[in-house]
Amino acid sequence: MTDQAPAIELKGISKAFGPVQANKDISIRVMPGTIHGIIGENGAGKSTLMSILYGFYKADKGEIFIQGNKTEIPDSQAAIRAGIGMVFQHFKLVENFSVLENVVLGAEDGALLKPSLAKARFELMRLSEEYELNVDPDALIEEIGVGMQQRVEILKSLYRKADILILDEPTGVLTPSEADHLFRILRGLKEEGKTIILITHKLREIMDVTDTVSVMRRGEMTATVKTAETSPPQLAELMVGRKVLLSVDKQPASPGETVLEVKNLSVTDEDGVQRLKNVSFTVRAGEILGIAGVAGNGQSELLEVLGGIAKGTGEINLNGDAIDLTGKHSDGQTRRARGIAHVPEDRQRLGLIMDFMAWENTGFGYHNDERYQKNSLLMDNNALRADTAEKMERYDVRPPNPKLMAKSFSGGNQQKIVVAREIDRNPDLLLVGQPTRGVDIGAIEFIHKQLIALRDAGKAVLLVSVELDEIMSLSDRIAVMFDGQIMGERDPGETNETELGLLMAGVTDTETAA
Amino acid sequence: MDFLTLIQVLDSSVRLATPLLLACLAGLFSERAGIFDIGLEGKMLAAAFFSAAIAYMTGSVWVGLLAGIGSSIVLSLLHGAASITFRGNQLISGVAINFLAAGLTVLIAQSWFNQGGRTPSLMGGGRFEGIELPFALGPKDAEATGRSLSELIAEAGPISQLYSELISGHSILVYIALLCVPATWYILFRTRFGLRLRAVGENPAAVDTAGISVIGLRYAAVMICGVLCGIAGAYLSTALQAGFVKDMAAGRGFIALAALIFAKWRPWHALYACLLFGLLQALALRSDVVEGLVRVEVPVQVLDSLPYVLTVVILAGFVGKAIPPRAGGEPYVKER
């Protein structure tokens, strides 16, 4: 192994964007026929490094060696020629093209399409069979699921005869079973002698599939270790630069009165599709109800209708009193006044205005508060700014500058701004959707602590997340949604990922038992 | 309405549909590549002027055609530079080109010819004449028999009428325009270039990561758009009419855009849409036919406005959902 040339060797790669040093003197050796993990928090420079390898950016300094040969990669074409394939986090597929057309695009054999397509169809079937990719060449991209779209991306690289495959955060959009399928494919590719680089911020994936792992922090490569010789806590510490609590530390819940009671709630969207079907559940004071499920099974609609953004039919009671679901009081403002706070799933779309400053964003929903009125006409923006600065300090938002645009904060800090605004409302019920999506480990730990603290203060929390780990570690009860319905409720202490995964796939209780 | 009248109206529809069709296909290439182009009108106008002016000066309509295409390409490149290279707003660039062409053509025409912003009338080799297809009745037959052509056609059988009046006798540009329809279809759906062109209009990132130049493809599309608009403009001033007059494009660039949306960016449907607009324009010229059909007196102004009314109706979305190329109007910025 030692006398073999590395599939990829980077020597002293540096890259700066203006004053930000994204990569600092990075050197790494990736051996052929291995799965090499690169782990680091958001903004650690993982993606920048891979973009340099794929010819998207040019490094300021440093050298790239592919299979032992010094290689210049000025553009993607050169990367493809060097045998590098990349599966981006956001797929680069043409939605209204077929799988076949997407694979052929850029790798055609001649000016006419017909011979290229015929050859590609044959090759595609062969590859698809060899690696169990199960891809239909004639399906349109917009009509297939994300799991298959990702396999099309892998096929694109294989069709271009890539020996080195880079995957950037590949499991972010996948269900647990799809992720398992992906890892089986990756192991198969490895057995064929392919080299795979897996970029992720999920420790479990690193431990599951990689042979070697490199850790990045603030643009620097802090360590490269054999996966078998490390542990999640050690990796987390290398990533964050301090000890991190990976499991959530919490006492058993002591639930009180019922705060939220939902009865036969249904939502039908603009296209006439029923998104939520007769959903009923309760959340009591001092407990966290976790809603698990694959994205798109009605969780978003549930949050929106509870938060007053969408309308629905059925019955919702808060602290025993009915909430108006369809009338003119069915809006976010009325909900807030009744004691419901909402951390929406998509913070960039519903939680923040990205081009507004932090203090303007924390002011949403507080505009009519007495303390921010200078007189009957003008707002007291200074008071709002001062309060924002104080909140940012308390919720560890970095940098704690109220005059920065929302878009200039990292994902984790944006989320802390939203969480600060909503929790400081002192609600009876907090609705939280995907609280840690795109959030780094350090911030995840912080946000989880805030949610537990809110619960311990006797508030009700409804947590919606597609991250099963998050649901399992935070919830006091777990409800699983599938196709707009609640498939069942479980006690987190008495269930496991397999059982929840089956419920998420729509397999009902009786079938599980059988 | 007798058969010959019908043939005459259809013949006129084809003539009037030709510039629309060329401009519509021009827009199709550009928009399929993700570059919205509301400057079709301006490019046609510039081409109409320069082809008439150069044809007049050289006496050769072919040189005129080349000049028209050249002027249209220059404006296309301007649009390309603004919207591809400098990532500017494509609508604003298009509007600017329309204003530029409207003003510049009249200004230069006045300076060169001193005829109130028009070119002198084109005669002989300065114009595209109709082409007589074999066995069709044409001016030569009229000369040989010493009678007028219309008399000869009126006496001929229906098949001869159809052939001589509707199919034969158009200028070469009409036939070129019609051939552009299958050619466009073939290029878009059967060639590598077409696949890449459609892809760059839908998701330029996919094209970029496949190692193909987004900028190169988009410039190619914009150039093709320039060539087709150039032919469309030349047709206006050297075939449909004999010389340039102020604002002679008369909104055809915008009607072509409406036809493009109506056709949902598909070549054969573009032909049908343009023929429909051509028919409406032809009917406006034959109010007697319309009155014969509806048996009510219809003001000419109403007929004249019909193509524009249909344009508004189409653009307001009354003809079903038209989904434009997804990356249309967005400059491509490389990102991870």
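Each reported figure results from applying straightforward, stated rules to the coordinates on display, with no laboratory input. Bear in mind that the values here come from a model prediction, so they are computed numbers and not experimental data. Cβ placement follows ideal geometry from the backbone for every residue including glycine, while neighbour counts extend to all protein chains displayed.
When the alpha carbon gyration tensor of region A:8-240 is reduced to an equivalent ellipsoid, the three semi-axes, largest first, read 30, 21, 16 Å. When only the Cβ of Lys, Arg, Asp and Glu is charged (+1, +1, -1, -1), the dipole of chain A relative to its Cα centre reaches about 1640 debye.
Have a look at A:Ala457, A:Val294, A:Thr224 and report the one farthest towards the positive end of the charge dipole of chain A, computed about the Cα centre with Cβ charges (Lys/Arg +1, Asp/Glu -1). The listed residue farthest towards the positive side: A:Thr224. Based on alpha carbons, the Rg and Dmax found for chain B are 20.8, 76 Å. For region B:82-183, chymotrypsin sites (Phe, Trp or Tyr not before Pro) meeting the loop criterion (DSSP other than H, G, I, E, B) and having at most 11 other Cβ atoms within 10 Å: B:Phe86, B:Phe135. Counting every other Cβ atom within 10 Å of each residue's Cβ, A:Arg425, B:Arg192 order from fewest to most as A:Arg425, B:Arg192. Taking 35 Å as R0, compute the FRET efficiency from the Cβ-Cβ separation of B:Ala316 and B:Trp268 and round it to 0.05. Calculated transfer efficiency: 0.90.
Binning the alpha carbon pair distances of the protein assembly as shown at 10 angstrom intervals from zero yields the distribution 2, 10, 16, 18, 17, 14, 10, 7, 3, 1, 0, 0, expressed in whole percent.
Normalised by residue number, the volume inside the convex hull of the Cα atoms of region A:302-384 is 119 Å³ per residue. Please work out the C-alpha center-to-center distance from region A:235-279 to region B:282-336 and express it in whole Å. Computed from Cα coordinates, the inter-centre distance equals 52 Å.
Mind telling me which of B:Trp62, B:Trp265, B:Trp185 comes out most flexible in a GNM of chain B, alpha-carbon contacts under 10 Å? Highest fluctuation of the listed residues: B:Trp185. Each of B:Ser72, B:Met248, B:Leu16 was placed along the dipole of chain B (beta-carbon charges, centred on the mean Cα), and the one lying farthest toward the positive end is B:Ser72. The mean sequence separation of alpha-carbon pairs under 8 Å and at least six residues apart, normalised by the residue count of chain A, gives a relative contact order of 14 percent. Just flag the GluC sites (Glu not before Pro) in region A:241-293 sitting in loop per DSSP whose Cβ has no more than 10 other Cβ atoms within 10 Å. Within region A:241-293, the qualifying GluC sites (Glu not before Pro) (loop, at most 10 other Cβ atoms within 10 Å) are A:Glu270.
Straight-line reach from B:Lys43: taking Cα to Cα under 16 Å and skipping same-chain neighbours fewer than 8 places apart, the aspartates and glutamates in range are B:Glu31, B:Asp247. Cβ-Cβ distance of B:Phe189 and A:Gln373, R₀ of 60 Å, FRET efficiency by 1/(1 + (r/R0)^6): the value works out to about 0.40. With contacts taken as Cα pairs under 8 Å and at least 6 residues apart, region A:8-240 reaches a relative contact order of 29 percent.
Computed over the alpha-carbon atoms, region B:112-230 gives an Rg to Rh ratio of 1.21, Rh here being the Kirkwood radius from the mean inverse distance.
Loop-located trypsin sites (Lys or Arg not before Pro) across region A:23-96 with a Cβ neighbour count of 16 or fewer within 10 Å are A:Lys58, with loop assigned by DSSP.
Could you sort out which of A:Lys226/B:Lys334; A:Lys263/A:Lys328; A:Lys11/A:Lys58; A:Lys11/A:Lys194; A:Lys119/B:Lys321 sit more than 24 Å apart by Cα distance in this structure? Violating the 24 Å Cα-Cα cut-off are A:Lys226/B:Lys334; A:Lys119/B:Lys321. With a Förster radius of 35 Å applied to the beta-carbon distance between A:Ala111 and B:Ser121, the computed FRET efficiency rounds to 0.20.
Just add up the charged neighbours of B:Thr105: K/R +1, D/E -1, any other residue whose Cβ is under 14 Å from the Cβ of B:Thr105. Once all neighbours under 14 Å are counted, the net charge is +1.
Taking the Cα centre of region B:1-146 as origin and assigning +1 to Lys and Arg Cβ atoms and -1 to Asp and Glu Cβ atoms, the resulting dipole is close to 540 debye. From Cα pairs below 8 angstrom and at least 6 apart in sequence, can you work out the relative contact order of region A:1-68, rounded to a whole percent? Relative contact order for region A:1-68 comes out at 45 percent. Where the centroid of each part is defined by its Cα atoms, how far is region A:374-441 from region A:95-144 in Å? Using only Cα atoms to place each centre, the spacing works out to 47 Å. At what distance in angstrom do the alpha carbon centres of region A:33-81 and region B:66-118 lie from each other? About 44 Å separates the Cα centre of region A:33-81 from the one of region B:66-118.
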